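All remarks here apply to the structure that follows.
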Amino acid sequence: MGQRRHELSGRWEDVAELRQGALRNLAYGTIPGPTTYQYWVVLADGRECGFIGVLGDESVTWDEVQDVHARSGFVNVKKAGQWRAWNKVFVFQIPNYSVFNALVRTVLAQRRG
């Protein structure tokens, strides 16, 4: 799902910042390809860790995500304004699911204010 740069350990309450960047890849300079996402976790003591992932041709921004939940072994992403899940993936395909889930919950809570 992504490339491992290095490992970082700490408590969730020590997380000071979460950052995300996106790069739209182009084939031959003009043909849209998959989007590469880079995520960074920065701890209060200044240590940080990043990882990179490619999500395929279609992506959504956090503002478009209405909900993310696990059901029947799948993680479902619900896009605002759509009745069905926008995308789903098996829970076992997500490395470190508990960290992923905590990050998603935090981002959605921050966005909702």
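The values are calculated or read from the model by the stated rules, or taken from the named source; none is laboratory data. Because the structure is a prediction, the values reported are computed rather than measured. In this analysis, Cβ positions are derived from the backbone assuming ideal geometry, glycine residues included, and neighbour counts consider all displayed protein chains.
In the range 99-111, the residues that are assigned by TED's automatic domain parsing to the domain that holds residue 65 form Cβ pairs under 7 Å with partners that are in a helix (DSSP H, G or I), at six or more places apart or across chains, as follows: 102/12; 107/62; 111/62. Residues of the range 59-113 that are surrounded by 10 or more Cβ atoms within 10 Å (Cβ to Cβ), hydroxyl-bearing (Ser, Thr, Tyr) and not in a helix (DSSP H, G or I): 59 alone.
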